[in-house]
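Just so it is clear, none of the values below were taken in a lab; they were calculated from the coordinates. Just so we're clear, the structure is a prediction, and the values are computed from it rather than from any experiment. Glycine gets a Cβ as well: all are built from the backbone with ideal geometry, and neighbour counts include every protein chain shown.
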Amino acid sequence: MLGLKHSIRFALGSIWSAKMRSSLTTLGIIIGVAAVIANVSLGASFSEFFEDEIGSVGNNFIVIESNTPHTFHDNELELVKNTPGIVGVSPLTQETGGVRYMSEVRQIPVQGVSDDYGQVANIQMGSGSFIDDNDGYVAVLGYDVAYDKFDRKIANKNSIEITFVKSDGSTVTETFRVKGITQSKETKLVESGIEPEGRIFIPVKVMSELLGDDYYWGFFAAAESIETIDEVSDEVDKRLARNLGIPMRDLDEEDIKPYSIFDQGEVLENMNQVSGALGTLLTSVAFISLVVGSIGIMNIMLVTVTERTSEIGIMKSLGFKNYEVLSLFIVESMVVGLLGGILGTLFGLGGAYLVNNLMGLPHVFPLELIFIGMFVSLFVGLVAGVYPANKAAKMNPVDALRHE
């Protein structure tokens, strides 16, 4: 009986005897497997990148934004704060202010926040400290504001002037001492309107006094965990709707509610859906390459069977059984597929590594990728080799010996 070891040796000898043809045959498998491996790896890298980006915006955050002025006041703030599962909440007010440093003036978004904002928005300080509820006229500058907006860099304890235009058209100007400067998070994909780099933060009570307003633009809250965030967000939504006189039947009607609410879980889900759809599309295209590669293997094996017709006749006349001839050519087909799979896996991982470096993505190479590459290539080789091997096994030895 012909053993597996001899079958593999026979297959390698056959492949080596036609190096160019074998190389071209495996090219389709190499491209297909490399594309599948690279796409799966890049998909995993993008997923981790999305989670890191979203996590940098806040810890289990829930964002509530008013669609009309005078919607949120202290009553709504207490309502959100007392919702079960909420571990921190900051009211938000926002205006674009004319910020003067030295002799330069820049228009910069200014947010009024409480000290909870530092925790729920995951603010990392590069220097100094964040806003405290007992603070007066102090400001925390985003990284870009301190180092890029003005010709001269701003440091802690420097003073800046901020001018606001009030709702009645008058202006108010006050001097603020710089209490801290945030680190650069460099978020690229999460555009929620709450990125700290290009903003200035001041105490919300000070901003409300300067503007003469008694309402908030919204709230930035944090749930206990990502597992409970949807439930907590829904409860906040229900409580706000009830407090503002919105019927429960209209809770899902965004056009009716004077506010909108979204949370970290929703953002993650949306991004995962987008990345999943893109990954499925790219992987589907990659599988087309595998189909082309399998056709190439089948074609080359048919040519091999034709070229070795006399050899097959000799083998069968020497007593080789049909299943032994069948296994011989199937093993050769699978070896061709496996060699293409090994090279394709290496090229796929290398390509994913280069793309990750170019795009600044984390390197994620799931161990199962190697097994996927090997399994897919072996399966393709098996399927592509069945017909040619079966044709060889069924040859009549007399007719095969007569073949020239």
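Tabulated data for the structure shown
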{"quantity": "The range 210-266 shape via C-alpha gyration tensor axes, a/c threshold 1.5", "calculated": "oblate"}
{"quantity": "Size of charge dipole - the range 89-216 - debye, nearest 20, with Cβ of Lys, Arg +1 and Asp, Glu -1, no other charges", "calculated": "460"}
{"quantity": "Percent of beta bridges antiparallel (DSSP, the range 89-216, rounded to nearest 5)", "calculated": "75"}
{"quantity": "Ranking of 214, 144 by count of other Cβ atoms within 10 Å, fewest first", "calculated": "214, 144"}
{"quantity": "Neighbour-count ranking [beta-carbon atoms within 10 angstrom, fewest first] of 113, 172, 140", "calculated": "172, 113, 140"}
{"quantity": "Cβ crowding within 10 Å averaged over residues, with 106-112, 82-88 ranked highest first", "calculated": "106-112, 82-88"}
{"quantity": "Residue order, fewest to most surrounding Cβ atoms within 10 angstrom, among 260, 184, 170", "calculated": "170, 260, 184"}
{"quantity": "Residue 129-residue 9 FRET efficiency (beta carbon distance; Förster radius 60 Å; 0.05 resolution)", "calculated": "0.25"}
{"quantity": "Links that overshoot a 25 Å alpha carbon limit, given the list 81/205; 157/205; 19/321; 166/205; 19/394", "calculated": "19/321; 19/394"}
{"quantity": "The range 89-216: radius of gyration and largest Cα-Cα distance (Dmax), Å", "calculated": "13.5, 37"}
